[in-house]
Amino acid sequence: MATYKTLAASLDWPTGQPPSQTTTLICSSLSAPGDILLPHFLSSDHAVLLSFTQTSNHYMHILRKMGVHRPKIHFVNALTDFSLDALPSATRPKLTWLAGQPENTTLVVDGLCSLMDQGMSAVQALLGGRLVVSVFLDEFTEKLVRALARRSHYVFNFEGLASGASSDVSGQLTATFKPVHLHYKVADTAVQFFSPGQSRTVL
């Protein structure tokens with residue numbers, strides 16, 4: 001699977017992945033789901049995926065469509081296998097099932113805002129290590145997202161086009177802390193990022 005070269009170059013990620021010991025926050029909206037970035041992070045050499053939203057088959061199907069046939073993913077289904085007892089305290093940021101994973105492991109958490117429904121505070125919800133968190137931003141999750149953003153190195157905001165819908169552009173992505181503004185187009189087997197006003201290219 002090709003990395004998202006335009007996005008990685010804009011963020012100075014020479015390997016296509018964020019540096020180790022950083023937190024990346026992906027914020028979705030109704031008009032622009034940010035989970036389109038998850039296959040990119042899951043295609044890294046080693047990834048742990050903790051999902052509050054989908055089953056393993058969902059992610060495997062998408063990765064196969066995008067050319068990743070044997071991803072090195074340790075999947076934790078938070079819909080059925082997760083309990084609050086397994087969550088780390090503020091003094092124990094590492095999860096027990098991360099033990100033994102390679103140092104360059106990427107921890108991807110999809111649907112972290114579901115923890116709020118279980119009464120978890122924003123501090124308890126923030127995990128450690130090289131972390132990628134995908135959340136849906138609305139009035140109910142605003143407090144959690146603000147707390148996560150303050151402790152994140154990269155924040156991606158996915159939004160619909162301010163000018164309305166377009167057949168050539170699915171939405172816009174703004175990255176904070178290193179200002180980047182890109183348009184993107186979601187295709188069946190790829191996501192194409194390009195600068196506003198430029199024609200899109202397959203990456």
Restricting region 1-21 to residues that are outside any loop (DSSP other than H, G, I, E, B), open to solvent by less than 50 Å² (accessible area, probe 1.4 Å) and not polar (S, T, N, Q), the one modelled with the highest pLDDT turns out to be ALA8
Can you give me the number of residues within region 156-177 that are exposed (fewer than 12 other Cβ atoms within 10 Å of the Cβ) and out of contact with any strand residue (DSSP E or B) (no Cβ under 7 Å at 6 or more places or on another chain)?
-> 5
Filter result for LEU79 (closer than 18 Å to VAL135 by Cβ and more than 16 Å from the chain's Cα centre (by Cα)) | yes
Would you mind stating whether LEU30 is surrounded by fewer than 21 Cβ atoms within 10 Å (Cβ to Cβ), farther than 21 Å from SER195 by Cβ and of a type in the set (A, V, I, L, M, F, W, C)?
-> yes
May I ask you to list pairs of residues, at least six apart or on different chains, whose Cβ atoms are under 6 Å apart, with the first in region 46-57 being over 8 Å from LEU79 (Cα atoms) and the second being open to solvent by 60 Å² or more (accessible area, probe 1.4 Å) and not in a loop (DSSP other than H, G, I, E, B)?
-> VAL48/HIS74
Out of all the residues in region 179-190, is one or more in contact with a helix residue (DSSP H, G or I) (Cβ under 6 Å, 6 or more places away or on another chain), more than 19 Å from CYS27 (Cβ to Cβ) and in contact (Cβ under 8 Å) with a residue 12 or more places away in the chain?
-> yes
State all residues of region 22-42 that are assigned to a loop (DSSP other than H, G, I, E, B) and modelled with pLDDT under 85; if no residue qualifies, say none.
-> LEU30, SER31, PRO33
Within region 43-72, can you find the residues that are farther than 25 Å from PRO19 by Cβ, in a helix (DSSP H, G or I) and not hydrophobic (A, V, I, L, M, F, W, C)?
-> SER56, ASN57, HIS58, HIS61, ARG64, LYS65
Residue check for ASP45: exposed (fewer than 15 other Cβ atoms within 10 Å of the Cβ), of a type outside the set (Val, Ile, Thr) and at pLDDT 85 or above | no
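The values are calculated or read from the model by the stated rules, or taken from the named source; none is laboratory data. Note that this is a predicted model, so its numbers are computed, not measured. Here the Cβ is made from the backbone with ideal geometry for all residues, glycine too, and neighbour counts use every protein chain on show. Heads up: the accessible areas ignore ligands, DNA and RNA and are worked out on the full protein's heavy atoms, side chains in. Shrake-Rupley method; radii C 1.70, N 1.55, O 1.52, S 1.80 Å.
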